[in-house]
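Quick one: this structure, given as structure tokens, is what I'll be asking you about.
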Amino acid sequence: MIWNDEFETLPREALASLQLKRLQNTLERVYSTVPFYRQAFDRAGVKPEQVQSLSDLQRLPFTLKQDMRDNYPYGLFAVPMEEIVRLHASSGTTGKPTVVGYTRQDIDMWSGLMARSFAAAGVGRGDIIHNAYGYGLFTGGLGAHYGAEKLGAAVIPMSGGNTKKQIMIMQDFGSTVLTCTPSYSLYLAEAAAEDGFDIRNFDLKVGILGAEPWSESIREEIEQKLNIKAIDIYGLSEILGPGVAIECIEAQNGLHIWEDHFIAEIIDPQTGEILPDGDEGELVITTITKEGITMIRYRTRDITRLISEPCICGRSHRRLQRMSGRSDDMLIIRGVNVFPSQIESVLMQVEGVEPHYQLIVDREENLDSLEVQVEVTEDIFSDEVRILQGLSDRIRGQIKDMLNISCKVRLVEPKTITRSEGKAQRVIDRRR
Ligand code: DLL
């Protein structure tokens, strides 16, 4: 279902002129209210009024996560604190979090985009949304919650954790929609089975899953194990939270990025050069309606490509291909670049391998080493050592063939790898 027909199907030309108008207003505004941007634009020698076309945006400098850290906590806010009604923060792996603030209008806009995203995933009034994204500083919980209410669906504010209770509530309340990370959805299926329930028989019909990278093979696992349609949703706190982009249920192929609110560019992560539509690179986003925090050419570090072919659903907004990872998650193992998602894709093609794995990177005698720990089914695990050895050799060979890296493979018993209630930790890098 299309939530906002006028905007979601706006012809490309009209969309571009709306973007330009909104961009120009945004630049005027931040130039006068945010010293950080005024200085950055001055250094680049560009005044807001010189931005006369969308391609002029390229003349402005990028904004980095480090800029948010340098201006911690409120230095990038574009409005006085009296206008801020909500604060969120993203944890980040090191040091201080990055803080984001929302005005009342931002919250309305966010809820509207989340409602629009739910609708694109086939969710509507009458649905019961089991929201297992964490409530708190993380944007997932409250972002999905407000969107669900705006949509007019019934939302169960579960938050993360307490997995056994989640199963009971999901079953008793007849939840039809599950919102959580893809890894947690698999954990829920597993925990239900442990309690003697088959989650496939619950009322769930769709999962709105995101906040971490996942592969097409994991989607198949989830759809099969939970008997749902698994929809990929993307977002990040710096830009909004969940609801920046989502797959439509009609195509389930690429995530529509809501271009009436965001301008997307793809750049070469090394050189910063703009890449044409269709090329894979780093996603850069400019917000053109946000008030509290406005991001001009924010480097997301997420690797994807823009799909500009029209979609069968009738929405005119371009699509992002499923994220293949983050440029800063890319592992360099003895000089070879590899994304955890590539290893995941290899693993998931092997019969008997479960969708739970961890990559341990270390340095041994001055050389990088990679150990892939992956769970295998109970049946396989209780097989003879010879058979297990054969399987791990086969996986090692396939990783070598497809990704050109040598690694150790350790097959582990089911449920050995720590389950996560939020974002899964796939990589443990002991070199850092
Ligand atoms: O993860 C917001 C969110 C909540 C998105 C719920 C979707 C659902 P952060 O904690 O700031 O915000 O993390 C943002 O997570 O830059 C990506 O690297 C990653 N990420 C988010 N969604 C996806 C996805 C939320 N669908 C960071 N696929 C982003 C791959 C994703 N990575």
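Among the residues of region 199-217, are any away from the ligand (no atom under 14 Å from the Cβ), in a loop (DSSP other than H, G, I, E, B) and crowded, with 19+ Cβ neighbours inside 10 Å?
yes
For region 327-385, which strands (runs of 3 or more DSSP E) that fit wholly inside it have 2 or more residues that are farther than 15 Å from Lys415 by Cβ and free of Cβ contacts under 8 Å to residues at least 40 places away in the same chain?
So the answer is 367-376.
Out of curiosity, is Gly235 part of a loop (DSSP other than H, G, I, E, B) and open to solvent by 10 Å² or more (accessible area, probe 1.4 Å)?
No: the conditions fail for Gly235.
Considering only residues that are open to solvent by less than 10 Å² (accessible area, probe 1.4 Å), assigned to a loop (DSSP other than H, G, I, E, B) and in contact with a helix residue (DSSP H, G or I) (Cβ under 9 Å, 6 or more places away or on another chain), look in region 239-276 and name the one that is nearest to the ligand (Cβ to nearest atom).
Looking at residues that are open to solvent by less than 10 Å² (accessible area, probe 1.4 Å), assigned to a loop (DSSP other than H, G, I, E, B) and in contact with a helix residue (DSSP H, G or I) (Cβ under 9 Å, 6 or more places away or on another chain), I get Leu240.
Continuing with the same structure: Can you tell me which residue is most open to solvent (accessible area, probe 1.4 Å) among those in region 407-432 that are over 19 Å from Trp214 (Cβ atoms) and assigned to a loop (DSSP other than H, G, I, E, B)?
Result: Arg432.
Within region 398-406, is even one residue more than 16 Å from the ligand (Cβ to nearest atom), modelled with pLDDT of 95 or more, over 24 Å from the mean Cα position of the chain (by Cα) and surrounded by 14 or more Cβ atoms within 10 Å (Cβ to Cβ)?
Yes, some residue in region 398-406 is more than 16 Å from the ligand (Cβ to nearest atom), modelled with pLDDT of 95 or more, over 24 Å from the mean Cα position of the chain (by Cα) and surrounded by 14 or more Cβ atoms within 10 Å (Cβ to Cβ).
Select from region 299-318 the residues that are more than 20 Å from Ser237 (Cα to Cα) and either in contact with a Lys or Arg (Cβ under 7 Å, 6 or more places away or on another chain) or within 15 Å of the ligand (Cβ to nearest atom) (or both) and list them in ascending order.
Passing the criteria: Arg305, Leu306, Ile307, Ser308, Cys311, Ser316.
Is region 20-43 home to any residue that is in a loop (DSSP other than H, G, I, E, B) and open to solvent by 80 Å² or more (accessible area, probe 1.4 Å)?
no
Filter region 72-87 down to the residues that are open to solvent by 40 Å² or more (accessible area, probe 1.4 Å), of a type outside the set (Ser, Thr, Tyr) and away from the ligand (no atom under 14 Å from the Cβ) and list them by number.
Of everything in region 72-87, those that are open to solvent by 40 Å² or more (accessible area, probe 1.4 Å), of a type outside the set (Ser, Thr, Tyr) and away from the ligand (no atom under 14 Å from the Cβ) turn out to be Pro73, Pro80, Met81, Glu82, Glu83, Val85.
Follow-up. Just need a number here: residues in region 281-298 that are in a loop (DSSP other than H, G, I, E, B) and within 14 Å of the ligand (Cβ to nearest atom).
Summing the residues that are in a loop (DSSP other than H, G, I, E, B) and within 14 Å of the ligand (Cβ to nearest atom) in region 281-298 gives 1.
For Thr176, work out the one condition from (1) more than 14 Å from the ligand (Cβ to nearest atom); (2) under 27 Å from Gly101 (Cβ atoms); (3) among the polar types (S, T, N, Q) it doesn't fulfil.
Failing condition for Thr176: (2).
Between Ser90, Ser111, which is more than 12 Å from the ligand (Cβ to nearest atom) and among the small types (Gly, Ala, Ser)?
Ser111
Report whether or not Asp127 is of a type in the set (D, E, K, R) and closer than 17 Å to Ile239 by Cα.
no
Can you confirm whether region 312-335 contains a residue that is buried (at least 20 other Cβ atoms within 10 Å of the Cβ) and on the phi > 0 side of the Ramachandran plot?
yes
Of everything in region 218-232 that's of a type in the set (Val, Ile, Thr) and not in a helix (DSSP H, G or I), which residue is surrounded by the most Cβ atoms within 10 Å (Cβ to Cβ)?
Only one residue tops the list, namely Ile231.
Also, I was wondering about something else. Quick one: is Pro213 farther than 24 Å from Val155 by Cα, over 15 Å from the mean Cα position of the chain (by Cα) and modelled with pLDDT under 95?
So Pro213 fails the test.
Report every pair of residues separated by at least 6 positions or lying on different chains whose Cβ atoms are under 7 Å apart, first residue within region 24-49 and under 12 Å from Ala78 (Cα atoms), second among the β-branched types (Val, Ile, Thr).
Every condition considered, the pairs that remain are Thr26/Ile288; Thr26/Thr294; Leu27/Val51; Val30/Thr294; Val30/Ile296; Tyr37/Val30; Tyr37/Ile296.
Continuing with this model, one more query. Given the conditions (1) in contact with a helix residue (DSSP H, G or I) (Cβ under 8 Å, 6 or more places away or on another chain); (2) within 14 Å of the ligand (Cβ to nearest atom), and given that Arg116 satisfies all but one, which numbered condition is not satisfied?
(2)
The values are calculated or read from the model by the stated rules, or taken from the named source; none is laboratory data. Model, not experiment: these values are computed from the prediction. Here the Cβ is made from the backbone with ideal geometry for all residues, glycine too, and neighbour counts use every protein chain on show. For accessibility, only protein heavy atoms count, side chains too; no ligands or nucleic acids. Shrake-Rupley method; radii C 1.70, N 1.55, O 1.52, S 1.80 Å.
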